[in-house]
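> Here it is: the structure, laid out below.
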Amino acid sequence: MTHLFVILQAQGEAPSMLPTFGMIAVMFVFFYFFMIRPQMKKQKEEKNFQNSLKPGKMVVTTSGIHGRVSQVTDDGVILETMAGKLKFEKAAISKEFTQNRFPDKKEEKSPKDSKKGETKK
């Protein structure tokens, strides 16, 4: 009987759930800022890139086909390749692959170009 009395006295207050909920909230914030938000931003940039396609622009599809945009229609684009003209959905044009293969010429300025006007002393 004395053992039961000791056990009943040893049980104090129930542990608080606040630290558990705090950790779950911190994990959610971490996942949002480091995984969900960057992915949403990347998807938005990809969609803007696909909507801004114009005839004459060199692009690469997600399947690796290189070509020049010949025509832009409501439901897709027509690419002119070495094999002929092919029709693709806009979603098949990859911004990442295109920029790796055909970088914008605006970004290729070297620091030497800006110093050409300066004179040496």
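The values are calculated or read from the model by the stated rules, or taken from the named source; none is laboratory data. Computed from a predicted structure; not experimentally measured. Note that each Cβ is placed from the backbone with ideal geometry, even for glycine, and that neighbours are counted across all protein chains shown. The protein model used for the area step is the full one, side chains on, heavy atoms only, and it has no ligands, DNA or RNA in it. Shrake-Rupley method; radii C 1.70, N 1.55, O 1.52, S 1.80 Å.
> Return yes or no: is F5 over 22 Å from the mean Cα position of the chain (by Cα), at pLDDT below 95 and surrounded by fewer than 10 Cβ atoms within 10 Å (Cβ to Cβ)?
Criteria met by F5.
> Can you work out which of the residues in segment 88-106 that are over 18 Å from the mean Cα position of the chain (by Cα) and free of Cβ contacts under 8 Å to residues at least 12 places away in the same chain is farthest from T61 (Cα to Cα)?
Ranking the qualifying residues of segment 88-106, first place goes to K106.
> Hey, can you tell me all the residues within segment 74-83 that are open to solvent by 90 Å² or more (accessible area, probe 1.4 Å) and not in a loop (DSSP other than H, G, I, E, B)?
E80, the sole residue that qualifies.
> Moving on to the next point. Which of the following residues is of a type outside the set (S, T, Y), at pLDDT 90 or above, touching a strand residue (DSSP E or B) at 6+ places or on another chain (Cβ under 9 Å) and part of a helix (DSSP H, G or I): F31, F49?
F49
> Still on this structure, please answer the following. Of the conditions (1) open to solvent by less than 70 Å² (accessible area, probe 1.4 Å); (2) at pLDDT below 90, A92 clears all except one; give me its number.
In the conditions (1) open to solvent by less than 70 Å² (accessible area, probe 1.4 Å); (2) at pLDDT below 90, A92 misses (2) alone.
> Something else about it: Within segment 54-73, which residues are closer than 12 Å to A91 by Cα and surrounded by fewer than 17 Cβ atoms within 10 Å (Cβ to Cβ)?
Result: T62, S63.
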